[in-house]
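S.K.: Pasting a structure here, questions to come.
The values are calculated or read from the model by the stated rules, or taken from the named source; none is laboratory data. Just so it is clear, the model here is predicted, and its values are computed rather than measured. Glycine also receives a Cβ, built like all others from the backbone with ideal geometry; neighbour counts cover every protein chain displayed.
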Amino acid sequence: MRGISHLTAARSSDGIRDWEIDAQPTFLPDPENYPEEIWGVEDPRITYLEEQDRWAITYTAYSQAGPLVSLATTKDFRTFERLGPIMPPENKDAALFPIRFQGRWAMLHRPVPASAGIGAHIWISFSPDLRHWGDHRLLIRARQGGWWDANKIGLSPPPLATPDGWLILYHGVRQTVGGCIYRLGLALLDLNNPAKVIRRSDEWIFSPREHYEREGDVEDVVFPCGWVLEDTGRIKLYYGGADTCIALATGQLDDILEYLKKCPTPSEI
C-alpha cells in the first residue's frame, strides 16, 4: 500500500499448485543499513552456486538515484547475507551464471545510459569474488527501427546450461502509440565462453495474449524472472502477467534448441 516493494517466498511440491506463501515478507528492504534499498527490492533472479552450496539472488534495489543491482545469498530462503550493491544505477535485469569461467564468476545485466538515443542493451561482466566486477562487455545489442526488441532489451531468467550452449531468454520492449509491449526472444551463448553469442532469434517467441497478460497494473507485459528445467526436459517458465499476477508456461528444451539452432548467427558487435 505504501509502494515499497519486497520479496516473499512461495513453496510448492510440484511447482504448480498448493502454494504455501510466507505469512510475512521473506526479504524486506533494509534502508537503515543499505540506503540503496530505500524504495524497495524487486525482480530477483536466483542461481544455485554448487561450488558454495548456496543460492545467489541478484535483485533490483531501488535507490533515490535510480535502480541498481544488489546481491544476497542464502541457504534456506529464511536467512540472507547481503553483499550490497554490485552495479551502480541505472542498472537492472541481472543474473549470475552458476559456474566460474577461468576462475571468474560471470553476470549478465542491463545498464541504461544517460545519453538519449543510445538504447539499453545486455552486458556481461566478470568478478573474482562476487563483489568486485569488471571486464564489462556489450553482449546482446537492442535492435533499431521497427523490431519487436528495438531500443530496449533485458535478461529474463538466469542463463540455463544446455548441451548446445547457455540458453538465454530475454525481453524486448516495443514502444507503440498505445503503450509498451513486452515480448520474449531467445539467444544461445558459447558454453565455454559466455561472452560469445552463437545464435539469436529474429522473431519473438512469446507475447502477451491472454487477458491476464494484457490487462492489469501495466498492460501487455510478460516478464519472466525464473525457470526450472526438469529431468524430462520440460521447462517451467514463471512470469509476471501485466504486473498483476504470476503465471506459468511450459515448453520442451529439445524443441526450443532445435528452433534456436536454425536462427541466425549474429554478426560481431
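S.K.: Could you tell me which residue of region 149-165 is nearest to the chain's Cα centre (by Cα), considering only residues that are part of a strand (DSSP E or B) and more than 15 Å from A94 (Cβ to Cβ)?
M.R.: Once the filter is applied, the top-ranked residue is L160.
S.K.: Tell me which residues, restricted to region 158-188, are touching a Phe, Trp or Tyr at 6+ places or on another chain (Cβ under 9 Å) and small (G, A, S).
M.R.: Of everything in region 158-188, those that are touching a Phe, Trp or Tyr at 6+ places or on another chain (Cβ under 9 Å) and small (G, A, S) turn out to be A161, G172, G185, A187.
S.K.: Further question: Check whether at least one residue in region 174-182 is part of a strand (DSSP E or B), more than 19 Å from K92 (Cβ to Cβ) and without any contact (Cβ under 8 Å) to a residue 24 or more places away in the chain, and report yes or no.
M.R.: yes
S.K.: Okay, moving on. Output yes when any residue across region 141-156 is of a type in the set (S, T, Y), in contact (Cβ under 8 Å) with a residue 60 or more places away in the chain and touching a strand residue (DSSP E or B) at 6+ places or on another chain (Cβ under 9 Å), and no when none is. Walk me through how you get there before you give the answer.
M.R.: Residues of region 141-156 of a type in the set (S, T, Y): 156.
Now narrow it down to the ones that are in contact (Cβ under 8 Å) with a residue 60 or more places away in the chain: 156.
Now narrow it down to the ones that are touching a strand residue (DSSP E or B) at 6+ places or on another chain (Cβ under 9 Å): 156.
Within region 141-156, one or more residues are of a type in the set (S, T, Y), in contact (Cβ under 8 Å) with a residue 60 or more places away in the chain and touching a strand residue (DSSP E or B) at 6+ places or on another chain (Cβ under 9 Å).
S.K.: How many residues, within region 12-56, are closer than 20 Å to I122 by Cβ and either polar (S, T, N, Q) or touching a residue at least 40 places away in the same chain (Cβ under 8 Å) (or both)?
M.R.: Matching residues across region 12-56 total 6.
S.K.: Among the residues of region 253-267, is there at least one that is surrounded by 14 or more Cβ atoms within 10 Å (Cβ to Cβ), touching a residue at least 24 places away in the same chain (Cβ under 8 Å) and part of a strand (DSSP E or B)?
M.R.: Within region 253-267, none of the residues are surrounded by 14 or more Cβ atoms within 10 Å (Cβ to Cβ), touching a residue at least 24 places away in the same chain (Cβ under 8 Å) and part of a strand (DSSP E or B).
S.K.: Which ones in region 29-67 are among the hydroxyl-bearing types (S, T, Y) and either farther than 26 Å from A10 by Cβ or surrounded by fewer than 17 Cβ atoms within 10 Å (Cβ to Cβ) (or both)?
M.R.: Y48, S63 - these are the residues of region 29-67 that are among the hydroxyl-bearing types (S, T, Y) and either farther than 26 Å from A10 by Cβ or surrounded by fewer than 17 Cβ atoms within 10 Å (Cβ to Cβ) (or both).
S.K.: Going through V69, V112 one at a time, which residue ends up being at pLDDT below 95 and under 25 Å from I168 (Cβ atoms)?
M.R.: V112
S.K.: Please enumerate the residues belonging to region 118-134 that are within 22 Å of P266 (Cα to Cα) and free of Cβ contacts under 8 Å to residues at least 12 places away in the same chain.
M.R.: Matches in region 118-134: I118 only.
S.K.: Another question, if that's okay. Please enumerate the residues belonging to region 92-109 that are part of a strand (DSSP E or B) and under 30 Å from Q64 (Cα atoms).
M.R.: K92, D93, A94, A95, L96, W105, A106, M107, L108, H109
S.K.: Consider region 48-91. How many of its residues are hydrophobic (A, V, I, L, M, F, W, C), in contact with a strand residue (DSSP E or B) (Cβ under 9 Å, 6 or more places away or on another chain) and assigned to a loop (DSSP other than H, G, I, E, B)? Write out each step before concluding.
M.R.: Step one: list which residues in region 48-91 are hydrophobic (A, V, I, L, M, F, W, C), which gives 49, 55-57, 61, 65, 68-69, 71-72, 77, 80, 83, 86-87.
Adding the requirement that they be in contact with a strand residue (DSSP E or B) (Cβ under 9 Å, 6 or more places away or on another chain) leaves 49, 55-57, 61, 68-69, 71-72, 77, 80, 83, 86-87.
Pick out the ones that are also assigned to a loop (DSSP other than H, G, I, E, B) and you get 77, 80.
So the answer is 2.
S.K.: Kindly check whether there is at least one residue in region 230-248 that is more than 22 Å from the chain's Cα centre (by Cα), of a type in the set (V, I, T) and modelled with pLDDT of 95 or more.
M.R.: Scanning region 230-248 turns up at least one residue that is more than 22 Å from the chain's Cα centre (by Cα), of a type in the set (V, I, T) and modelled with pLDDT of 95 or more.
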